[in-house]
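First the structure, in the form of structure tokens, and then the observations on it.
Only the coordinates and a few stated rules stand behind these numbers; no lab work does. Note that the structure is predicted; figures quoted are calculated from it, not measured. When we count neighbours, we look across all protein chains shown, and the Cβ atoms used for this are built from the backbone with ideal geometry, even at glycine.
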Amino acid sequence: MRLFLPESLKGAKNVRLAVFSDIHSNEPALRACLAYADHVGTDGYVFLGDHVSDCPDPERTLELMREAARRKKTWFLRGNREDYLLDYVRSGAGTWKPGNASGSLYYTLKRLSKEDLEFLGRMPLNLPLEFEGCPRIRACHATPTNNYVLLYPGAEALESILRTMDENTLLTGHSHFQYRYESRGRQAINPGAVGMPSHGQKGAQFAMVTCLGGRWSARLLNIEYDREALLKRFEESGLADMGGVYTRAVMRTFREGGNWQGELSLTARKLSQSRGERAVSDQTWEDAGRMLGL
Ligand SMILES: [Fe+2]
């Protein structure tokens, strides 16, 4: 097949990046995305954070990421899940335990080595990505200065970042909502979530981001992978037992779609407030789960 390129693009630099966010320890999903990206060809990988927590294989996920970095130029950002873990370890609190309230995080932390935590701790909050002949990109987990703000197309939080940042392309994750949004000649690209589907999606989402002729564009992907194998890993790894009702909600999301862990958190918080609790108690988590049939 012959490819017809406009004169202006002949000989122009072409850079292609595979962008992954919110893997959440879902190793089979990441493996499928990496295989796809390698098959179509990529010059590098960008990991936007929330690499671990919620699914059964944090240490295998980090190993896959390090393996990727040995093959190609790779950028790692830190997400809010990494912040939870790192802050908890630094605080020396030692309060997480198996069960409804903190079992899933406890499980994740137990699986990570000192080297894994150091690896996460070296990851920055935002990074510039620079390539010859292409405009510079700004990459982050949520916003360049905050790991918790959710950015949605058209909302003021995103508009104000696009207006004020030095670059004209932002790579952002965190919301698990896949989109490319353009405003006043600037754009935000959210690759969606590799490992924790939401907004009615079930597959593994990521983006191939390409610079051609000095412009960045994005192809948003949603690919199939072996979810049955993933669900089996929840059981055999011990997470299904240790993570309590929260993990049961996550598993239900993988089976049925939806966002059961989000529903559960909302229900538990409301119930907790009505009971005058300072923090959501183990019993309240359990009761909220029962209300949702978990
Ligand atoms: Fe996040």
Relative contact order of the range 242-291, defined on C-alpha pairs under 8 angstrom at six or more residues apart (%): 34
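Taking 0.36 nm per residue of separation and subtracting the Cα-Cα distance, what length does fully extending Q283 through E235 add? Walk me through the numbers before you get to the answer.
Values: separation 48, 0.36 × 48 = 17.28 nm, distance 2.29 nm.
Extending this stretch completely gives an extra 15.0 nm.
Ratio of the range 242-291's C-alpha Rg to 2.2 N^0.38 Å, to two decimals? Present the calculation step by step, with values, prior to reporting the outcome.
Details: Rg = 10.8 Å, N = 50, 2.2 N^0.38 = 9.7 Å.
Computed over Cα atoms of the range 242-291, the ratio equals 1.11.
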Pairwise FRET efficiency - D87 versus E156, Cβ, R0 = 30 Å, nearest 0.05: 0.60
R255 paired with Q201, simple spin-label distance in nm, labels 7 Å along Cα-to-beta-carbon: 2.3
Label-to-label distance, nm, for residues given as R66 and D166 (7 Å Cα→Cβ offset): 3.2
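If each residue's Cβ is checked for other Cβ atoms within 10 Å, how do M208, M196, M291 rank with the fewest at the top?
Values: M208 19, M196 26, M291 14.
Going from least to most buried by this count: M291, M208, M196.
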Intensity falloff of the chain expressed as log10 I(q)/I(0), Debye formula with alpha-carbon point scatterers, at q = 0.08, 0.13, 0.15, 0.17 Å⁻¹: -0.36, -0.90, -1.17, -1.44
Sorted by Cβ neighbour density within 10 Å, fewest at the top, the residues E277, E224: E224, E277
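When V19, V194, V40 are ordered from fewest to most other Cβ atoms inside 10 Å of their Cβ, what list results? Write out the running numbers ahead of the final one.
On the way: V19 29, V194 32, V40 11.
Ascending number of Cβ neighbours within 10 Å: V40, V19, V194.
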³J(HN,Hα) computed for each position of the range 196-202 - Karplus, 6.51 cos²θ - 1.76 cosθ + 1.60, integer Hz, glycine/proline x: 10, x, 7, 6, x, 8, 10
Mean separation of Cα contacts under 8 Å (6+ apart) over length of the chain, as relative contact order %: 21
Length added when fully stretched, L292-V149, from 0.36 nm per residue minus Cα-Cα: 48.8 nm
Charge dipole (debye, nearest 20) of the chain; +1 at Cβ of Lys and Arg, -1 at Cβ of Asp and Glu: 520
In order through the range 125-132: 3J(HN,Hα) via Karplus (6.51 cos²θ - 1.76 cosθ + 1.60), integer Hz, x for Gly, Pro: 7, 8, 8, x, 10, 10, 9, 4
Placed amide H near H174: partners under 5 Å, 5+ positions off or other chain: D22
